[in-house]
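*Asks:* There's a structure below that I have some questions on.
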């Protein structure tokens with residue numbers, strides 16, 4: 001969901017999604033909530049999620065959302081695992097356009113830029 | 001009456017780094033409580049965003065007291081890293097499932113939208129997606145030089161008319177709100193709330209009302225609520 005906002009980095013095909021690098025992942029088991037997942041599916045950029053999950057080597061998500069996702073049990077389990085249970089505790093997010101690096105520390109992505117970069 | 005979120009986990013030393021909820025925060029809680037039926041039955045939010053969440057008391061209240069919906073996703077931002085930690089703690093301490101909350105350290109919504117110098121409509125991820133938008137901005141009138149800190153001062157220093165941070169944020173509101181979305185804003189008299197309402201109508205076609213007012217010490221606080229013209233709230 002996060003994208004580069006460095007001044008002049010205006011190619012949306014490159015500034016989103018940011019590329020995750022050197023990440024430490026932790027899996028926190030939570031109860032699967034299909035209603036929340038169904039809501040998120042309508043808000044989310046599927047291609048970006050699919051690409052990011054693949055780059056991280058996580059459970060492979062299909063290239064497109066299945067026709068009837070709510071009743072596709074295996075799909076919902078995978079989606080829950082990737083979207084809800086996987087936390088990135090440390091790492092960085094790099095822009096594919098301008099190369100700017102945003103850190104992730106203690107699970108918090110930091111999108112702040114220096115004055116001259118805004 | 002809904003109970004205020006429990007903040008017992010935050011200590012005096014936390015409040016040296018994070019804004020402690022005060023009358024302005026509580027007035028916004030009261031406004032959300034008064035709108036509980038409207039929010040639950042008409043807005044039925046899927047995505048709620050709070051900008052500058054501080055202690056997290058407002059999002060925790062909306063999530064765990066007003067809406068109590070396991071279907072809603074909450075996103076909060078703050079420029080102050082201590083506030084991010086406090087928001088997380090307050091939400092989980094009050095029973096919000098961690099999978100429903102995402103916190104980002106940033107200035108307003110930087111990094112969730114495109115660069116500031118790009119076309120204003122460049123927010124593909126959040127464009128028209130936000131059902132409830134909350135902002136208790138740094139509204140205190142201060143010298144401009146005090147604006148821009150990443151510490152606790154960022155919670156109040158508003159610069160000229162207390163509008164410097166707010167005026168950077170207002171143009172984003174029409175991009176973010178969903179068709180039935182609603183934006184709640186805290187303001188004080190020196191911010192010229194009537195002017196804010198007029199500005200939002202003329203520039204962005206958003207209809208605003210003062211839904212609650214209270215005098216707290218020397219501050220005349222109001223809660224302003226904005227919706228799209230096509231979705232003016234019916235009480």
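*Asks:* Restricting attention to segment B:14-30, report how many residues are assigned to a helix (DSSP H, G or I) and surrounded by fewer than 18 Cβ atoms within 10 Å (Cβ to Cβ).
*Replies:* The qualifying residues number 6.
*Asks:* Would you mind stating whether residue A:112 is touching a helix residue (DSSP H, G or I) at 6+ places or on another chain (Cβ under 8 Å) and either within 13 Å of chain B (Cβ to nearest Cβ) or in contact (Cβ under 8 Å) with a residue 40 or more places away in the chain (or both)?
*Replies:* Against the criterion (touching a helix residue (DSSP H, G or I) at 6+ places or on another chain (Cβ under 8 Å) and either within 13 Å of chain B (Cβ to nearest Cβ) or in contact (Cβ under 8 Å) with a residue 40 or more places away in the chain (or both)), residue A:112 does not qualify.
*Asks:* Let me ask something else about it. For segment B:44-75, give me each residue that is touching a strand residue (DSSP E or B) at 6+ places or on another chain (Cβ under 7 Å), within 14 Å of chain A (Cβ to nearest Cβ) and within 17 Å of residue A:36 (Cβ to Cβ).
*Replies:* Listed by number, the residues that qualify are B:45, B:46, B:47, B:48, B:49, B:63, B:72, B:73, B:74, B:75.
*Asks:* Would you check which residues across segment A:35-54 are at the interface with chain B (Cβ under 10 Å from one of its Cβ atoms) and out of contact with any helix residue (DSSP H, G or I) (no Cβ under 6 Å at 6 or more places or on another chain) and list them?
*Replies:* Those that are at the interface with chain B (Cβ under 10 Å from one of its Cβ atoms) and out of contact with any helix residue (DSSP H, G or I) (no Cβ under 6 Å at 6 or more places or on another chain): A:35, A:36, A:39, A:40, A:42, A:43, A:44, A:45, A:48.
Okay, residues lined up against (1) within 19 Å of residue A:7 (Cβ to Cβ); (2) within 12 Å of chain A (Cβ to nearest Cβ); (3) more than 15 Å from the chain's Cα centre (by Cα):
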residue	(1), (2), (3)
B:83	no, yes, no
B:89	no, no, yes
B:113	yes, yes, yes
B:129	no, yes, yes
B:133	no, no, no
B:145	no, no, yes
B:162	no, no, yes
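*Asks:* Let me ask you something else. Having 3 or more residues that are over 26 Å from residue B:69 (Cα atoms) and in contact with a helix residue (DSSP H, G or I) (Cβ under 6 Å, 6 or more places away or on another chain) is the bar; report the strands (runs of 3 or more DSSP E) wholly within segment B:88-204 that clear it.
*Replies:* none
No value in this document is a laboratory result; all are computed from the given coordinates. Only a predicted model underlies this, so the values are computations on that prediction, with no experimental measurement involved. Counting neighbours? That spans all protein chains shown, and the Cβs are built from the backbone with ideal geometry, glycine included.
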